[in-house]
1. Out of A93, A46, which single residue is touching a Gly at 6+ places or on another chain (Cβ under 8 Å) and not hydroxyl-bearing (S, T, Y)?
2. Just to check your reading of the model, which residue among E43, E12 is open to solvent by less than 40 Å² (accessible area, probe 1.4 Å) and among the charged types (D, E, K, R)?
3. Which residue pairs have Cβ atoms under 8 Å apart, sit 6 or more places apart or on different chains, and have a first residue in the range 126-153 that is of a type in the set (F, W, Y) and a second that is surrounded by 10 or more Cβ atoms within 10 Å (Cβ to Cβ) and in a loop (DSSP other than H, G, I, E, B)?
4. Does the range 99-111 hold any residues that are open to solvent by 60 Å² or more (accessible area, probe 1.4 Å) and farther than 9 Å from C83 by Cα, and which are they?
5. Being over 16 Å from D114 (Cβ atoms), of a type in the set (D, E, K, R) and touching a residue at least 40 places away in the same chain (Cβ under 8 Å) narrows it down to one residue among E75, E43; which is it?
6. So, restricting to strands (runs of 3 or more DSSP E) that lie completely within the range 35-134, which ones have at least 2 residues that are touching a Cys at 6+ places or on another chain (Cβ under 8 Å) and over 21 Å from Y156 (Cα atoms)?
7. Restricting attention to the range 15-40, which residues are touching a Gly at 6+ places or on another chain (Cβ under 8 Å) and open to solvent by 50 Å² or more (accessible area, probe 1.4 Å)?
Amino acid sequence: MGDKKLMEKAVELAQKNVVANHGGPFGAIVVKDGQIISVGRNEVTATNDPTAHAEVQAIRAACKTLNSFQLTDCEIYTSCEPCPMCIGAIYWARPKAVYYACTKSDAALIGFDDQFIYDQIALPIDKREINMIQVCSDHYDLPFHTWNSSTKKTEY
């Protein structure tokens with residue numbers, strides 16, 4: 001299956017999602033060695049989960065299929081340029097490439113504008129719209145020290 005056919009599959013997932021009124025107009029697939037190993041569609045409104053974006057859903061399913069927390073040697077095809085959250089998930093999953101159809105500008109034109117989030121991330125913590133305040137309880141950093149000294153951890 002070529003790149004265009006794989007992208008058609010991601011776009012088809014997005015279209016079916018809209019027609020079924022299941023969520024936003026986004027679809028994604030994860031491919032390994034030319035084979036589709038998972039699919040994801042936007043399920044934010046269907047599941048009341050703001051993290052249920054197509055890319056995240058596809059990554060979760062692919063990792064389960066591969067029994068791995070990384071998508072080594074995989075590619076992601078998504079119907080739209082990933083949002084900031086999905087970009088973070090993609091980098092954590094470490095696929096070798098991401099291919100997208102619509103751009104973030106296209107998404108903004110229909111009400112999915114993520115520029116506010118990009119702008120907020122670039123600000124110092126104390127200047128962000130949502131208050132982010134450090135609160136340190138006793139031994140707040142104990143889990144970090146325990147992790148750092150552990151000989152049984154799986155690094156990622």
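1. Values: A93 fails: touching a Gly at 6+ places or on another chain (Cβ under 8 Å).
Of the residues listed, the single one that is touching a Gly at 6+ places or on another chain (Cβ under 8 Å) and not hydroxyl-bearing (S, T, Y) is A46.
2. E43 is the lone residue from the list that is open to solvent by less than 40 Å² (accessible area, probe 1.4 Å) and among the charged types (D, E, K, R).
3. As it stands, the answer is W147/K153, since those pairs meet every condition given.
4. Of everything in the range 99-111, those that are open to solvent by 60 Å² or more (accessible area, probe 1.4 Å) and farther than 9 Å from C83 by Cα turn out to be Y99, Y100, C102, S105, D106, L109, I110, G111.
5. Numbers: E43 fails: touching a residue at least 40 places away in the same chain (Cβ under 8 Å).
Among E75, E43, only E75 is over 16 Å from D114 (Cβ atoms), of a type in the set (D, E, K, R) and touching a residue at least 40 places away in the same chain (Cβ under 8 Å).
6. 74-80, 97-102
7. Correct list: Q15, K16, V18, V39.
Residues are listed down the side, and each one gets a yes or a no for (1) surrounded by fewer than 17 Cβ atoms within 10 Å (Cβ to Cβ); (2) of a type in the set (F, W, Y); (3) modelled with pLDDT of 95 or more; (4) under 19 Å from K16 (Cβ atoms):
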| position | (1), (2), (3), (4) |
| --- | --- |
| A61 | no, no, yes, yes |
| T65 | yes, no, yes, no |
| Y77 | no, yes, yes, yes |
| I87 | yes, no, yes, no |
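The values are calculated or read from the model by the stated rules, or taken from the named source; none is laboratory data. Here the structure is a predicted model, which is why all the values come from computation and not from measurement. For neighbour counting, all protein chains shown are included, and Cβ atoms are generated from backbone atoms with ideal geometry for every residue, glycine included. Surface areas here come from the heavy atoms of the whole protein model, side chains and all, with no ligands, DNA or RNA. Shrake-Rupley method; radii C 1.70, N 1.55, O 1.52, S 1.80 Å.
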